[in-house]
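Enquirer: Dropping a structure here in structure tokens format, bear with me for questions.
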Amino acid sequence: MQEKLKEALYYKKLKGGIVQCQLCPKFCTIKNGERGNCGVRENQNGTLYSLVYAKACSANLDPIEKKPFYHFMPGEQVMSLATVGCNLHCKQCQNWQISQVRVEYYPSISLTPEEVVEKTMEAECKIIAYTYTEPTVFYEYMLDIAKLARKQGIKNVIVSNGFINPEPLKELCKYIDAANIDLKSITDKFYGQVCDGSLQPILKAIEILHENKIWTEITNLIIPGFNDKESEIKGLVQWVKDLGRSMPLHFSAFSPTYKLVQCSPTPKEALIKARQIALKAGLKHVYTGNVDNEEGSTTFCPKCKKPLIVRQGNYVFKNLIEKGKCKFCNEKIAGVWE
């Protein structure tokens, strides 16, 4: 017996059994029997279906810091969930084995939204993270889980490329609590050449999250020879600063992988320099990731400069933020702390 598929949200029926997906800025026009660019949304006789609803490719417990979130409930464990698929095709993808594979070629775990929430509660987790691959492509699954989780007092966070249209994002904002957006570059050229995408929809998505008061952190993976020019880093920093000086910015180190295996890994010094540029520009909370750098993983009070959260790897070693404020000078520290 053929399993029942979940009808997709956000699509338009066209003539001749053709549909147009309106979930992300690619606006795929899909003929009967074919799939969208993400590979997980299929037109079956004029109806668009999700091929990954309740089909997780991964469900694991992680520290929240691994996402990375440094200003959202530090020290908490999260239930991390993903399906296969992505609406971008980044040459530097760290999870290409699950993001770029066809559904039928990767084993899945059958988990209904109810089972995900139950599993989260059994693990005594307070947070579900939609992560590893792009949660936009399993939108219906994520939305149904998030609605159930919210009723149980469980928080929802996304780790996303931000390549989603405004209408579905605004609906999602009703049920999520935080987002880490991978802002890969501040140039459209990079997105076109390296990611098969475009920049402006991502900047718009970050603005929508900010307007809807969703706690947001930004991650920028620095790839030598691609997006590591000082002028580009300054441009990205300025854009984040214009949105809000308290928004955490994570500069992360690239390791050669997927279609960029011939590239060099990011030198630690490049991340330290990028962090210094951002701090000098006036950002309050700037971090370095994927490198051993204690200063770059520590949360400092922007006023008295004392270390407040000291991390070792993805784990919190010390937390001196009390009721959202610096223990030493009482300065309010932006974030979600409980």
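The values are calculated or read from the model by the stated rules, or taken from the named source; none is laboratory data. Computed from a predicted structure; not experimentally measured. Every residue, glycine as well, gets a Cβ built from its backbone with ideal geometry; the counts of neighbours run over all protein chains shown.
Enquirer: Within the range 200-235, can you find the residues that are hydroxyl-bearing (Ser, Thr, Tyr) and either within 15 Å of the chain's Cα centre (by Cα) or not assigned by TED's automatic domain parsing to the domain that holds residue 87 (or both)? Talk me through it step by step, then tell me what you get.
Expert: Step one: list which residues in the range 200-235 are hydroxyl-bearing (Ser, Thr, Tyr), which gives 216, 219, 231.
The answer is 216, 219.
Enquirer: Something else about it: Quick check on my filter: what residues within the range 157-175 are over 12 Å from the mean Cα position of the chain (by Cα) and either crowded, with 21+ Cβ neighbours inside 10 Å or of a type in the set (Gly, Ala, Ser) (or both)?
Expert: Pass one, the range 157-175, residues over 12 Å from the mean Cα position of the chain (by Cα): 165-175.
Selection gives 169, 172.
Enquirer: Output yes when any residue across the range 76-89 is surrounded by fewer than 24 Cβ atoms within 10 Å (Cβ to Cβ), touching a Gly at 6+ places or on another chain (Cβ under 9 Å) and either closer than 17 Å to residue 160 by Cβ or not polar (S, T, N, Q) (or both), and no when none is.
Expert: Checked against the condition, which is being surrounded by fewer than 24 Cβ atoms within 10 Å (Cβ to Cβ), touching a Gly at 6+ places or on another chain (Cβ under 9 Å) and either closer than 17 Å to residue 160 by Cβ or not polar (S, T, N, Q) (or both), the range 76-89 yields at least one hit.
Enquirer: Turning to a different aspect of this structure: Tell me which strands (runs of 3 or more DSSP E) are completely within the range 278-338 and hold 3 or more residues being farther than 26 Å from residue 153 by Cβ, or say none if there are none.
Expert: Values: elements: 286-289, 307-312, 315-319.
Output list reads 286-289, 307-312.
Enquirer: May I pose another question? Give, as residue ranges, the helices (runs of 4 or more DSSP H) completely inside the range 88-178 that count at least 2 residues that are among the aromatic types (Phe, Trp, Tyr). First the steps, then the outcome.
Expert: Working: elements: 96-99, 113-122, 139-151, 166-172.
In the range 88-178, 139-151 are the helices (runs of 4 or more DSSP H) which contain 2 or more residues that are among the aromatic types (Phe, Trp, Tyr).
Enquirer: Okay, next question. Exactly one of (1) free of Cβ contacts under 8 Å to residues at least 60 places away in the same chain; (2) in contact with a helix residue (DSSP H, G or I) (Cβ under 8 Å, 6 or more places away or on another chain) is unmet by residue 314. Its number?
Expert: Of the numbered conditions (1) free of Cβ contacts under 8 Å to residues at least 60 places away in the same chain; (2) in contact with a helix residue (DSSP H, G or I) (Cβ under 8 Å, 6 or more places away or on another chain), the odd one out for residue 314 is (1).
Enquirer: Starting from the range 110-127, take each residue that is over 15 Å from residue 80 (Cβ atoms) and list its partners that are in a helix (DSSP H, G or I) and among the charged types (D, E, K, R), counting only C-beta distances under 6 angstrom and pairs at least six apart or across chains.
Expert: The qualifying pairs are 113/144.
Enquirer: Taking the criterion of being aliphatic (A, V, I, L, M), assigned by TED's automatic domain parsing to the domain that holds residue 271 and touching a Pro at 6+ places or on another chain (Cβ under 9 Å), would at least one residue in the range 191-199 satisfy it? Step through it out loud before you land on a result.
Expert: Restricting attention to the range 191-199, the residues satisfying the condition of being aliphatic (A, V, I, L, M) are 194, 199.
Then keep just the ones that are assigned by TED's automatic domain parsing to the domain that holds residue 271; that gives 194, 199.
Of the ones still in play, those that are also touching a Pro at 6+ places or on another chain (Cβ under 9 Å) are none.
No.
Enquirer: Also, quick follow-up: Considering each residue of the range 191-205, count those that are outside any helix (DSSP H, G or I) and either surrounded by 22 or more Cβ atoms within 10 Å (Cβ to Cβ) or β-branched (Val, Ile, Thr) (or both), and give that number. Working first, answer last.
Expert: Residues of the range 191-205 that are outside any helix (DSSP H, G or I), as a first pass: 196-199.
Okay, now just the ones that are also either surrounded by 22 or more Cβ atoms within 10 Å (Cβ to Cβ) or β-branched (Val, Ile, Thr) (or both), so 197.
Selection size over the range 191-205: 1.
Enquirer: Is one or more of the residues making up the range 43-60 assigned to a loop (DSSP other than H, G, I, E, B), out of contact with any helix residue (DSSP H, G or I) (no Cβ under 8 Å at 6 or more places or on another chain) and touching a residue at least 24 places away in the same chain (Cβ under 8 Å)?
Expert: Initial filter on the range 43-60 (assigned to a loop (DSSP other than H, G, I, E, B)): 45-46, 51-54, 57.
Subset that is out of contact with any helix residue (DSSP H, G or I) (no Cβ under 8 Å at 6 or more places or on another chain): none.
Looking for residues that are assigned to a loop (DSSP other than H, G, I, E, B), out of contact with any helix residue (DSSP H, G or I) (no Cβ under 8 Å at 6 or more places or on another chain) and touching a residue at least 24 places away in the same chain (Cβ under 8 Å), one finds none in the range 43-60, hence no.
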